[in-house]
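Encoded as structure tokens, the structure appears first; notes follow it.
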Amino acid sequence: MMAGIILVCSIYCLLQFFVSYCRSLIAASLTQRLSAEVQDVTGIKNSATGEDFARVVQLLQLCPDRPEDRSGIQAIGTYFNLLGFLRSTVARMVPSLAAWTESERGQCTYFAAVALDRRIAFSRDMFAQQLES
């Protein structure tokens with residue numbers, strides 16, 4: 001019985017830490033503006049929706065990988081899936097939770113768009129370096 005309580009508490013603490021980590025990543029990305037090029041490609045002008053996340057992630061996979069972004073993108077992808085699970089279960093009964101999950105899913109999409117913007121800039125820099133050589 002005690003082992004079960006410890007397991008539940010550990011999972012709860014890990015989940016709480018994970019959500020805080022993801023929200024801090026998202027908060028850092030919200031301060032950055034998207035370039036006009038990324039806005040055109042993604043269709044994100046002022047605010048993003050959760051429905052665009054899969055498309056933005058597909059665009060991310062087309063760009064050369066930046067090792068610095070890899071763990072953050074994976075964490076946000078997992079957080080997005082967790083929010084999708086919440087939206088399809090608990091949020092159906094609690095309207096305020098439904099609005100919060102939709103807002104968070106949109107912020108996850110914006111994070112992915114910022115990462116796409118960074119990858120495009122990284123690709124441009126690599127190309128410029130190759131031209132100089």
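Considering the range 23-36 alone, what residues qualify as being surrounded by 13 or more Cβ atoms within 10 Å (Cβ to Cβ) and either assigned to a loop (DSSP other than H, G, I, E, B) or not small (Gly, Ala, Ser) (or both)? Step through it out loud before you land on a result.
Of the range 23-36, the ones surrounded by 13 or more Cβ atoms within 10 Å (Cβ to Cβ) are 23, 25-26, 29, 32, 34-35.
The answer is Arg23, Leu25, Ile26, Gln32, Leu34, Ser35.
For the range 37-50, which positions are of a type in the set (D, E, K, R) and either touching a residue at least 40 places away in the same chain (Cβ under 8 Å) or assigned to a loop (DSSP other than H, G, I, E, B) (or both)?
Going through the range 37-50, the residues of a type in the set (D, E, K, R) turn out to be 37, 40, 45.
Glu37, Lys45, listed by residue number.
Condition check: surrounded by fewer than 12 Cβ atoms within 10 Å (Cβ to Cβ), under 22 Å from Ala28 (Cα atoms) and within 13 Å of the chain's Cα centre (by Cα). Does Gln61 satisfy that?
no
Per-residue answers, yes or no, for (1) buried (at least 19 other Cβ atoms within 10 Å of the Cβ); (2) at pLDDT 95 or above; (3) within 20 Å of Leu60 (Cα to Cα):
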{"site": "Ile76", "(1), (2), (3)": "yes, yes, yes"}
{"site": "Phe80", "(1), (2), (3)": "yes, yes, yes"}
{"site": "Phe85", "(1), (2), (3)": "no, no, no"}
{"site": "Thr89", "(1), (2), (3)": "no, no, no"}
{"site": "Leu97", "(1), (2), (3)": "no, no, no"}
{"site": "Thr101", "(1), (2), (3)": "yes, no, no"}
{"site": "Cys108", "(1), (2), (3)": "yes, yes, yes"}
{"site": "Leu116", "(1), (2), (3)": "yes, no, yes"}
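Of all residues in the range 37-51, how many are in contact with a Phe, Trp or Tyr (Cβ under 9 Å, 6 or more places away or on another chain) and surrounded by 11 or more Cβ atoms within 10 Å (Cβ to Cβ)?
If we filter the range 37-51 for residues that are in contact with a Phe, Trp or Tyr (Cβ under 9 Å, 6 or more places away or on another chain), which is where we start, we get 44, 47-48, 50.
Still in the running and surrounded by 11 or more Cβ atoms within 10 Å (Cβ to Cβ): 44, 48, 50.
Qualifying residue count for the region: 3.
Working only within the range 52-76, note down all residues that are touching a residue at least 24 places away in the same chain (Cβ under 8 Å) and not in a loop (DSSP other than H, G, I, E, B).
Asp52, Phe53, Val56, Val57, Leu59, Leu60, Asp69, Gly72, Ile73, Ala75, Ile76
The values are calculated or read from the model by the stated rules, or taken from the named source; none is laboratory data. Since the structure is predicted, the reported quantities are computational estimates derived from the model, not experimental observations. Cβ coordinates were reconstructed from backbone atoms using ideal geometry, including for glycine residues, and neighbour counts include every protein chain displayed.
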